[in-house]
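Input: a single structure, listed below in structure tokens.
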């Protein structure tokens, strides 16, 4: 039986940011919901405001990939059972709340480095906004509208 969108969202929060504390998890949830609500660009064109489509869009979230760099991915949404905090944060985001530290960001990643790149992804559609714990967060540049 497939997971509900809420269940998948809670699992994604745990898998992508479970070790980042409450603000880190809320920041990731904010980015995901920003992708749901953005009225232009790739995420609107492909996902059309649908949470499940955002979560399942190919190559967007490591936790949705069965393999990474040719190796079996040990940490996926299917192997991460959420706890109450993950459901609470999912419900918080679904209710329209946002973490100001992630503002209008559409991307995040862990650079495994003390510094964040100025742009992400490589096509420069996102510019650095903030770092929360181990993740760097990026807001869309004007180039994003053309995606």
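Of all the residues in the range 6-26, those that are within 20 Å of residue 56 (Cβ to Cβ) and surrounded by fewer than 18 Cβ atoms within 10 Å (Cβ to Cβ) number 2. Confirm whether residue 43 is at pLDDT 95 or above, within 22 Å of residue 146 (Cα to Cα) and assigned to a strand (DSSP E or B). Criteria not met by residue 43. Among the candidates 136, 105, the residue that is within 24 Å of residue 51 (Cβ to Cβ), buried (at least 19 other Cβ atoms within 10 Å of the Cβ), free of Cβ contacts under 8 Å to residues at least 40 places away in the same chain and in contact with a strand residue (DSSP E or B) (Cβ under 8 Å, 6 or more places away or on another chain) is uniquely 136. Looking at the range 69-89, can you tell me whether even one residue there is without any contact (Cβ under 8 Å) to a residue 40 or more places away in the chain, in contact with a helix residue (DSSP H, G or I) (Cβ under 6 Å, 6 or more places away or on another chain), in a helix (DSSP H, G or I) and at negative phi? For the range 69-89, residues without any contact (Cβ under 8 Å) to a residue 40 or more places away in the chain, in contact with a helix residue (DSSP H, G or I) (Cβ under 6 Å, 6 or more places away or on another chain), in a helix (DSSP H, G or I) and at negative phi: absent.
So which residues in the range 108-120 are part of a loop (DSSP other than H, G, I, E, B), surrounded by 14 or more Cβ atoms within 10 Å (Cβ to Cβ) and either out of contact with any strand residue (DSSP E or B) (no Cβ under 6 Å at 6 or more places or on another chain) or in contact (Cβ under 8 Å) with a residue 40 or more places away in the chain (or both), if there are any at all? Listed by number, the list holds a single entry, 117. Looking across the range 90-100, just one residue is buried (at least 23 other Cβ atoms within 10 Å of the Cβ) and assigned to a loop (DSSP other than H, G, I, E, B), and that is 99. Only one of the numbered conditions (1) surrounded by fewer than 15 Cβ atoms within 10 Å (Cβ to Cβ); (2) modelled with pLDDT under 95 is violated by residue 49, and that is (2).
The values are calculated or read from the model by the stated rules, or taken from the named source; none is laboratory data. Model, not experiment: these values are computed from the prediction. All Cβ positions, even for glycine, are placed from backbone atoms using ideal geometry, and neighbour counts span all protein chains on display.
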